[in-house]
There are 2 protein chains.
Amino acid sequence: MSKTHTLLMPLDMHLHLRDGVMLENIAPLTAYSFSGAIVMPNLVPPVETLKDIQAYKARIIAAVPNDYFEPYMTLFYKNYDKKFLESISQEVTAIKLYPAGITTNSEGGVSSFNIEEMRETLQAMSDLEIPLCVHGETDGFVMDREAEFMSIYELLASTFPNLKIIMEHITTKEAVTMLDKYENLYATITVHHLILTLDDVVGGMMMPHLFCKPIAKRPEDLDALLNVALAAHPKVMFGSDSAPHPQHKKEACGCAAGVFTAPISLQLLCEIFEQYDKLDNLQAFVSDNAQSIYGICPEFKEITLEKRPFVVPKDYSGVVPMYAGEEIAWAIESVD
Amino acid sequence: MSKTHTLLMPLDMHLHLRDGVMLENIAPLTAYSFSGAIVMPNLVPPVETLKDIQAYKARIIAAVPNDYFEPYMTLFYKNYDKKFLESISQEVTAIKLYPAGITTNSEGGVSSFNIEEMRETLQAMSDLEIPLCVHGETDGFVMDREAEFMSIYELLASTFPNLKIIMEHITTKEAVTMLDKYENLYATITVHHLILTLDDVVGGMMMPHLFCKPIAKRPEDLDALLNVALAAHPKVMFGSDSAPHPQHKKEACGCAAGVFTAPISLQLLCEIFEQYDKLDNLQAFVSDNAQSIYGICPEFKEITLEKRPFVVPKDYSGVVPMYAGEEIAWAIESVD
């Protein structure tokens with residue numbers, strides 16, 4: 001009998017579901033194998049009112065009628081007053097901060113980190129216990145953007161010591177180091193950043209389906225990420241940053257950033273954790289740590305994965321996944 | 001009256017002309033504005049016999065019937081005996097060494113730098129005064145490949161002190177540093193590596209037409225390259241590494257490496273050198289240094305460029321150039 005591994009209530013703590021037909025096509029893929037997901041607010045226009053949040057949540061739930069799945073909603077960070085934040089605090093799980101223009105649909109983000117201008121909002125979030133999720137990149141040289149952002153994380157973490165700050169989709173050894181430096185800093189890590197370096201993206205041919213922001217970094221960065229993920233460091237959570245784009249936008253001249261991993265994340269994670277003989281730590285990485293950090297209690301869902309060859313589909317409704325058409329080592333066996 | 005600048009006998013010391021219909025389409029573009037070019041031997045199969053050299057040269061000359069243009073032929077490096085090298089020494093200007101598999105059509109290159117296995121060939125080249133052109137990259141991490149190759153340049157340069165070694169299409173500050181460390185090390189620099197960093201390739205969108213090998217590096221590398229090019233360091237020559245691929249191979253998933261600059265190189269060089277107020281040094285960079293280093297005497301050709309907006313064509317016979325459809329600041333005014 002082949003090897004199996006069971007995961008309870010997997011959570012994707014960083015997910016792009018988009019909207020409209022794309023939402024309808026891809027949300028069921030995550031809802032099938034995850035109990036819930038932190039849903040990013042970078043729609044066009046972004047999610048920034050109570051009405052936006054409630055309407056988007058309703059559209060997500062309508063897109064996944066056959067599965068139990070909890071969309072943990074987020075608000076697009078701007079400077080908000082405390083009264084507004086109080087009014088939405090029960091509707092959102094976190095607020096997501098984008099530096100302006102740093103990635104897809106982030107034009108309305110923060111253009112300068114003036115702590116005095118942000119103080120009211122961040123202090124209110126701290127008081128209301130709303131975590132701050134951050135896309136931590138400067139507009140510097142592409143390989144340095146995340147490392148350069150560390151001083152901003154340090155400023156935020158030290159100025160608001162009771163605010164939970166999640167360094168999203170970290171890609172560098174510098175970010176890993178921060179986890180043990182500030183009590184209120186946490187991180188999500190994608191599955192593709194546990195596999196790729198820049199070599200995979202542009203070292204041989206140029207691979208648009210592996211192109212994302214933050215871009216995959218150096219071998220020593222990959223090692224640092226693997227170290228904390230495989231150990232299920234208690235401040236680290238899985239967040240796929242699965243980011244669907246239509247095939248024609250990925251394979252064009254000037255391709256959009258984002259790796260689509262939602263339907264194969266758990267399978268790939270089993271492969272990686274098994275390879276390093278750390279399968280026992282995967283439960284904490286894909287669910288337990290997130291439950292503790294966010295204080296959330298997803299309903300019961302049990303996913304059993306089996307070690308058997310699985311050929312990744314060439315596309316899911318026109319969205320090309322990582323490893324499209326290639327064989328991976330684990331498959332989903334059952335969902336209860 | 002607008003500003004003009006005249007160049008005499010421009011030389012492209014690193015050029016890919018390919019073969020067949022591609023050769024017929026693109027060779028005239030270089031022949032129009034350059035007096036001559038070092039033609040790379042990485043055809044399929046590579047140029048490695050006297051017959052190959054003579055036949056390829058004849059095909060090049062046949063492709064440019066209306067222009068004076070000297071194709072300086074190269075041989076694909078393998079370990080050859082001295083007798084063979086004597087037989088071809090008058091037919092080639094240099095021998096080009098590729099590490100195996102490092103770039104387009106390089107599968108038959110050198111797979112290990114065992115100096116004893118290479119000694120007969122390299123000593124004979126030294127004796128016969130045949131320069132060695134080298135694609136200097138290891139198979140390491142993409143951003144480190146050239147810097148890692150420096151120890152091989154040092155080994156070659158110190159073991160064969162009378163062999164002229166040209167570090168082709170250098171992209172790093174480490175390679176620039178080598179120029180003043182070994183008397184017999186020289187370099188070519190492309191125009192795109194005087195403009196791009198990795199930021200331009202994958203920092204915003206992913207730009208296949210700016211993807212090349214070696215890949216564009218960091219800002220401090222760009223600065224180092226600009227320093228020696230703008231100063232027309234006497235050991236540095238212009239070599240475009242212009243590398244045409246059909247549009248469908250550049251804009252596909254898994255795009256081929258190479259930037260096509262042949263028809264706009266001189267215009268872009270004028271723009272760069274003027275920007276830094278170094279136009280007076282351009283003649284040395286695009287011709288005089290190469291004449292001295294290689295001991296070649298091209299026939300007279302005078303190119304006058306004019307500072308006026310020029311919109312780069314979207315393609316040349318199905319090959320998309322750098323800056324396709326965009327406006328650049330200089331244009332070719334006349335060729336005599």
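Some points to look at:
- Amide hydrogen proximity for B:GLY136: with H placed 1.01 Å from N in the peptide plane, the residues at 5 or more positions away or on another chain lying under 5 Å are B:GLU168.
- Here the gap between B:PHE300 and B:ARG119, fully extended at 0.36 nm per residue and compared with their Cα-Cα distance, gives a gain of 61.3 nm.
- Prolate/oblate/rounded label for region B:226-298 (Cα gyration tensor, a/c 1.5): prolate
- Per the accessible-area calculation with a 1.4 Å probe, the total area buried between chain B and chain A rounds to 2400 Å².
- Across region A:77-90, coupling constants 3J(HN,Hα) worked out from phi with the 6.51/-1.76/1.60 Karplus curve, θ = phi - 60°, read 5, 9, 6, 10, 8, 5, 4, 4, 4, 4, 5, 10, 4, 7 Hz, and Gly and Pro carry x.
- Taking the charge dipole of region A:1-128 about its Cα centre, with +1 at Lys and Arg Cβ atoms and -1 at Asp and Glu Cβ atoms, the residue from A:LEU15, A:ASN105, A:THR93 reaching farthest to the positive side is A:LEU15.
- Spacing of the modelled spin labels on A:CYS253 and B:ASN66, each 7 Å from Cα toward Cβ, amounts to 2.5 nm.
- In a DSSP loop and with at most 16 other Cβ atoms within 10 Å, the trypsin sites (Lys or Arg not before Pro) in region B:207-310 are B:LYS278.
- Filtered chymotrypsin sites (Phe, Trp or Tyr not before Pro), region A:235-336: DSSP coil and at most 10 other beta carbons within 10 Å: A:PHE300
- Label zone (B:THR177, point 7 Å along Cα-to-C-beta; backbone nitrogen cut-off 20 Å) within region B:150-171: B:150-159, B:166-171.
- When you restrict to C-alpha pairs under 8 Å that are six or more residues apart and normalise by the size of region A:131-184, the relative contact order lands at 42 percent.
- Taking Cα atoms only, the orientation of helix B:115-128 departs from the longest principal axis of chain B by about 70 degrees.
- Separation of region A:234-290 and region B:296-336, taken as the distance between their Cα centroids, equals 46 angstrom.
- Cut-off of 10 Å, at most 16 other beta carbons, DSSP loop: longest stretch of chain B lacking such GluC sites (Glu not before Pro): B:184-298
- In this rough spin-label picture, where each label sits 7 Å from Cα along the Cβ direction, the B:LEU50-B:ASN25 distance is 3.5 nm.
- When only the Cβ of Lys, Arg, Asp and Glu is charged (+1, +1, -1, -1), the dipole of region A:1-119 relative to its Cα centre reaches about 140 debye.
- Along its first, second and third principal axes, ordered by size, the protein assembly as shown spans 80, 68, 43 Å in Cα coordinates.
- Whole-number percent relative contact order across region A:118-269, with pairs defined as alpha carbons under 8 Å at least 6 apart: 21 percent
- Long-range HN-HN contacts of B:TYR77 with modeled amide H, under 5 Å: B:LYS96, B:LEU97, B:TYR98
- If R0 is taken as 45 Å, the Cβ-Cβ distance between B:PHE84 and A:MET205 corresponds to a FRET efficiency of 0.80.
- Across chain A, the relative contact order, built from alpha-carbon pairs under 8 Å that are at least six residues apart, equals 19 percent.
- Global geometry of chain B, whether rounded, prolate or oblate, following the gyration tensor of its Cα atoms and the 1.5 cut on a/c: rounded
- Region A:39-75 versus region B:165-194: alpha-carbon centroid distance in Å: 54 Å
- Amide H contacts of A:TRP330: A:ARG308, A:PHE310, each under 5 Å away and 5 or more positions distant or on a separate chain (H built 1.01 Å from N in the peptide plane; Pro and chain starts excluded).
The values are calculated or read from the model by the stated rules, or taken from the named source; none is laboratory data. All values derive from a computational prediction rather than experimental measurement. Counting neighbours? That spans all protein chains shown, and the Cβs are built from the backbone with ideal geometry, glycine included. These accessible areas exclude ligands, DNA and RNA; they are computed on the full protein's heavy atoms, side chains included. Shrake-Rupley method; radii C 1.70, N 1.55, O 1.52, S 1.80 Å.
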